[in-house]
Amino acid sequence: SDTPRVGCRTAGRSILVYKDGTPDSKDKFVFKWTNGQATSQAEFADPGATAQYDLCIYGGPSTALFVEAGIPPNADTWSPIGSKGYKYVDRFGTVAGAQSIVLRGNDEDKAKMIWKGRGESLPDLPSVALPLNPNWFPLVVQISNSDTQICFEASFSAQHVATNLEDKLKLKKK
């Protein structure tokens with residue numbers, strides 16, 4: 001989506017790490033969304049069969065979309081985690097650089113999502129050179145699925161910057 005969704009579930013803690021390596025095979029991306037609002041396995045839908053998962057990053061006062069990565073449903077890369085959620089594993093990161101994704105539900109506010117990727121297939125932050133300019137805040141990260149349309153969000157302001165260098169950005173919210 002070109003604009004952030006509204007009504008997304010939020011988390012008590014969120015971390016975003018983006019490392020711009022040279023060459024691009026050393027690029028790294030980590031997004032952790034923990035202590036999130038209650039979510040059941042059914043609400044994650046089934047990424048092994050029908051649900052595509054999209055990660056979008058929006059920035060600036062107009063919340064413009066500048067990163068989008070979609071992971072299509074695939075029974076070879078997605079598997080259930082008991083009755084709580086799903087796990088994605090592709091150690092080569094062939095789709096959008098994603099190597100591992102964990103979707104873990106919980107009846108209380110302890111749901112968790114972790115999206116990790118690396119390598120040349122990772123989407124770059126186009127036209128957004130690091131260090132990140134302060135006017136790119138708030139930075140909004142959303143993960144959504146195509147079946148239930150439920151989305152999960154972390155919004156980072158300039159006060160959440162832990163590292164903002166030419167080759168690494170780390171945002172931490174707790």
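Is it true that some residue in the stretch 140-147 is over 16 Å from the mean Cα position of the chain (by Cα), open to solvent by 20 Å² or more (accessible area, probe 1.4 Å) and not polar (S, T, N, Q)? The answer is yes, given that some residue of the stretch 140-147 is over 16 Å from the mean Cα position of the chain (by Cα), open to solvent by 20 Å² or more (accessible area, probe 1.4 Å) and not polar (S, T, N, Q). For the residues Glu108, Glu120, Glu153, the requirement of being in a strand (DSSP E or B), acidic (Asp, Glu) and within 30 Å of Tyr86 (Cα to Cα) singles out Glu153. Listed conditions (1) surrounded by 20 or more Cβ atoms within 10 Å (Cβ to Cβ); (2) without any contact (Cβ under 8 Å) to a residue 60 or more places away in the chain; (3) within 17 Å of Cys8 (Cβ to Cβ) are all met by Glu68, apart from (1). Considering the stretch 42-62, the residues that are open to solvent by less than 40 Å² (accessible area, probe 1.4 Å) and either among the hydroxyl-bearing types (Ser, Thr, Tyr) or not in a strand (DSSP E or B) (or both) include one that is farthest from Phe92 (Cα to Cα), namely Gly60.
Restricting attention to the stretch 63-73 and to residues that are β-branched (Val, Ile, Thr) and part of a strand (DSSP E or B), the residue that is nearest to Pro134 (Cα to Cα) turns out to be Val67.
Here the condition is being farther than 23 Å from Arg5 by Cβ, open to solvent by less than 60 Å² (accessible area, probe 1.4 Å) and free of Cβ contacts under 8 Å to residues at least 60 places away in the same chain; of Asn164, Asn133, it holds for Asn164 alone. Of the residues that sit in the stretch 100-139 and are charged (D, E, K, R) and over 15 Å from the mean Cα position of the chain (by Cα), which one is farthest from Ala11 (Cα to Cα)? Once the filter is applied, the top-ranked residue is Glu120.
The values are calculated or read from the model by the stated rules, or taken from the named source; none is laboratory data. Model, not experiment: these values are computed from the prediction. All Cβ positions, glycine included, derive from the backbone under ideal geometry; neighbour counts span all protein chains shown. Side chains included, ligands, DNA and RNA excluded: accessible areas come from the protein's heavy atoms. Shrake-Rupley method; radii C 1.70, N 1.55, O 1.52, S 1.80 Å.
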